Amino acid sequence: MTNHIDAHRQVVFEELSRLLGSANDELRSETPLLGGDSPIDSMRLVELCLILEDRAAELNCVFAWTSEEAMSRSRGMFRNAGALADEFARQIISQR
């Protein structure tokens, strides 16, 4: 099960790295995805979520990223890259 979690988490980091290009040198689990310290702007964050939706659909799953709680800076899945990766993996595994 851990291998599946890691594989699903890795999808998020791979896609985020691809979108950031050369700016991904500083990408870590703690990297914020919202606010002024984020290396990704809001348009790219939406693009990332659409990509993750597509990746989930390839697995016959749904990635739900539009809830009000998702946007919370303190609790939401977008507070940092690790939280997004964890939530993506959790959602995929719960649907398998």
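Scanning the range 9-23 for residues that are aliphatic (A, V, I, L, M) and either farther than 10 Å from Glu47 by Cβ or outside any helix (DSSP H, G or I) (or both) returns Val11, Val12, Leu16, Leu20, Ala23. Residues considered: Leu84, Leu50. Of these, the only one that is surrounded by 16 or more Cβ atoms within 10 Å (Cβ to Cβ) and modelled with pLDDT of 95 or more is Leu84.
Residues in the range 1-49 that are of a type in the set (Gly, Ala, Ser) and touching a Ser or Thr at 6+ places or on another chain (Cβ under 8 Å): Ser38 alone. Of all residues in the range 29-47, exactly one satisfies the criterion of being surrounded by fewer than 16 Cβ atoms within 10 Å (Cβ to Cβ), out of contact with any helix residue (DSSP H, G or I) (no Cβ under 7 Å at 6 or more places or on another chain) and within 16 Å of Phe88 (Cα to Cα), namely Val46. Screening Leu20 with (1) surrounded by 13 or more Cβ atoms within 10 Å (Cβ to Cβ); (2) under 12 Å from the mean Cα position of the chain (by Cα) gives one miss only, at (2).
The values are calculated or read from the model by the stated rules, or taken from the named source; none is laboratory data. As the structure is a computational prediction, the values presented were derived from the model and not from experiment. For neighbour counting, all protein chains shown are included, and Cβ atoms are generated from backbone atoms with ideal geometry for every residue, glycine included.
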